Every structure is written in structure tokens, then in C-alpha cells.
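Throughout, read-outs are computed from the coordinates displayed, never taken from laboratory work. Note that this is a predicted model, so its numbers are computed, not measured. Quick reminder, even Gly has a Cβ in these numbers, built from the backbone with ideal geometry, and neighbours come from all protein chains shown.
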């Protein structure tokens, strides 16, 4: 079998490829990317695994995506979000099984169009297969222990300094623009949108080194639990996804908000109009350029392991008594076994592992559903996914209490 990874030189895709190197039985794995230098650095991590090769890709051109996918059995789309339309157009036209890191909102009419086209071809594309899949799996396992589910809270810890980030991550992390409509939660069958930055604050205790932090609603895709049959049928009323950023990001966000930087008018300098926001972000992007170092050196410089920790809190009842179940997920560290990587690559390991597990299950026919959908909404056993993450060294900690 032949697998292709689009955008394989990216920080999130690197861990997917490393997991394929360690666990998959693919005969050929092609890394397709525009940046040949970074792509070859990633391939160098694979212990001279002869299954890996590189091909140049310009993802702005659909015909190039189609050319790269010719002869492939399955594909992982690790391209930046702006190329999601190009990828889905090609995948649904040629008919191929795949997994995408990016997502299409469940209320987007394009999702139905793509899904119908893939069904006709007899194929499936699993969208948004990353950290959200892992939190959904924890949601499902906790809900299965309860008779009724009242509320689900998800907590993300994006605990990395500004100096440890890719250019794409810098903009993704700066999600505090008051004009953004992506801060959303679900309650009683409806989505509540357009919340302000730092809305719905709540203290949450993460494992060390993060500890107790004030979390708040973050920009996130539409909450998935309402679309998961095993959860929805238990009377779910509310889902909120909160997170906390390393204090460097939080200080910067508050500075932007207090000084009106997000919506500031352009300033003319030497006859050229420049956005104050873009000027600051470009400086940060330049300042945050990462180096590939062994994981232990990175941790020593940070003062802690470069890990994102995810958590869920499921509140409901069992045998008529209130109950609360909490799960924490801590990815394996160091994911790349101490080999030269960047902090973002280590941080993103949970994304790559989730994608790799889904891709291998799809390739082996363990997912029979066709169309475009999230793997956690399918009939795939959540325990199967959970076990695959545990096999890869992910640490899951469960707590249960009646103190709601």
C-alpha cells in the first residue's frame, strides 16, 4: 500500500510520519511539500527507512495535488487550513481514502457536497483528525460510564512560549480578536456564537508543569459531542471548550486588546500603509524562528517538557447520583526519541498520532462508513482508538468523584 502525506514538512505532520515509520505496514510513504529542505530533515528522522521519499508540491494548484496522489491508496492532508478546499475538491473528484488535519464546519454546505461525492466513489475522508479526536474519545469513554450526561467541558493547555512556535502557530494562537466569530459553545441544542475574548473563565487543575490555571473559551471548531450518538442519547445539555495559553501569549493578547491593536487603522510609513497588528506579528514570527535540537536540550531551555496536555470533564449521574469523570491525556515525551526536532514538533505529537491511527484504520478497512465525517462520529469503537494511543505511550489519567 502507498500513503501520501501532503504538507509533510510541517510540524504537525512530522509526528504522523514518525508514527507511520514506527507502527505502519505501508510499502511506500511519500512526503509531499513545497519546502524540500525541511522535508528532507523530517525524512532524516526515519532511521534510513527506505519506504520514505520526497516529492515537490505546490498546493495552490489542484492539478499538482491530483498528480501527487496518483497511484496512492490513502492520503493524509497536513496542509495549512487555506488549502482544505483544494484538497477536498481533488479527493472527492478522484476518489481516495484519507484523513485531514483541517476541518469543515458541520453546518457548511460544502461538507454535504464533498460527502455525497465521496460516497459515490466508495471512499471516506476523515476530517479534523487531531487533538479534537482524542478529547472526543475521552468524552465518549467517560459518558459510557454514566446513565445521564449533563455537561461536558474540554480543557486545552497550549503551554508554549512565543519563542517556540511555527509561523502558522503564531497566528493560530493569537485568537483574541474581538471581531472573531469562532468562540462558540453548545447549549440545549443551539450554538452560542460571537463570545468576547477571555469569556467563560474557569479555574482548572492540569498536571505539572502547568498546574492550576484560569481557562477561558478558545477559538475551536463546533463542539463535537452533540454529534456523537453515544453521548447525545444520554441527554447532553451543554458543551464548552476552554483553554489556557502560556502567559507570554496572554500578556500579548491583553496588550493588543487594551490598545486596540486588532482593529487599528494602518499607519503610513515612507509612503506605505502598514497594519500595526501585522508589524508586531511579523516581528514575533521572526523572533520565534525555531531550531532543530534534541528534545532534552529543548526541555532544558524551556524549563519544562514541551507537551500540550488535554483534559475533559464529564458531568452527569449514575444510579440517580451525581457523578463527575475527568480524563487527562499527556503525550509521550520525547516523542522523537531524543532526535533533532523543534519544540512545535514535540508539542504537536498528539495531532500526528491521532491522524496516524485514523489513517491506518482506514487503510485496513476498519472504518466502513463512506463520505466526509469525523471519525469519532462513526461506528468506530472509542476504546479501540484509546488503546492505540496508549500503545504509543500516551498517558491517560482518570478521576471520578461525586463532588460536582
Once you have the Cα-Cα distance between residue 63 and residue 265, take 0.36 nm times their residue separation minus that, and quote the gain in nm to one decimal. 68.8 nm
What does the highest-first list of 360-370, 234-244 look like by mean Cβ count within 10 Å? 234-244, 360-370
Fraction of the pair-distance distribution of segment 2-126 above 21 Å, Cα-Cα pairs, percent: 34 percent
Rg followed by Dmax, in Å, when segment 267-404 is reduced to its Cα trace: 21.3, 72
What shape does segment 40-91 have by the C-alpha gyration tensor, where a ≥ b ≥ c are the square roots of the eigenvalues, rounded means a/c under 1.5, and otherwise prolate means a/b greater than b/c and oblate the rest? prolate
Could you tell me what percent of the DSSP beta bridges with both partners in segment 85-238 are antiparallel, to the nearest 5? 75 percent
Inter-centroid distance (Cα atoms) of segment 226-267 relative to segment 116-157, Å: 20 Å
If you restrict to DSSP beta bridges whose two residues both lie in the chain, what percentage is antiparallel, to the nearest 5? 55 percent
May I ask you to order 245-251, 96-102 by the average number of other C-beta atoms within 10 Å around their residues, highest value first? 96-102, 245-251
Expected sort for 89, 27, 19 with the fewest Cβ neighbours (10 Å cutoff) up front is 27, 89, 19
Computed from the coordinates I sent, mean projected area of the Cα convex hull in nm² equals one of [x] 20.0; [y] 17.4; [z] 41.7. Tell me the label. [x]
Put in order of increasing Cβ neighbours within 10 Å, starting from the fewest, 373, 396, 350 give 396, 373, 350
Which of 182, 156 has the fewest other C-beta atoms within 10 Å, and how do the rest follow up to the most? 182, 156
So residue 384 and residue 291, fully extended at 0.36 nm per residue minus their Cα-Cα distance, gain in nm 29.9 nm
When you count, for each residue, the other Cβ atoms within 10 Å and take the mean per peptide, how do 117-128, 204-215, 300-311 rank with the highest first? 117-128, 300-311, 204-215
Mean-square fluctuation check for the chain, GNM, Cα pairs under 10 Å: which of 320, 371, 130 is largest? 320
Percent relative contact order of the chain, based on C-alpha pairs within less than 8 angstrom and at least six residues apart? 22 percent
Computed [θ] at 222 nm, helices only, for the chain once each DSSP H run of length n ≥ 4 contributes -39500 (n - 2.57): -10000 deg cm²/dmol
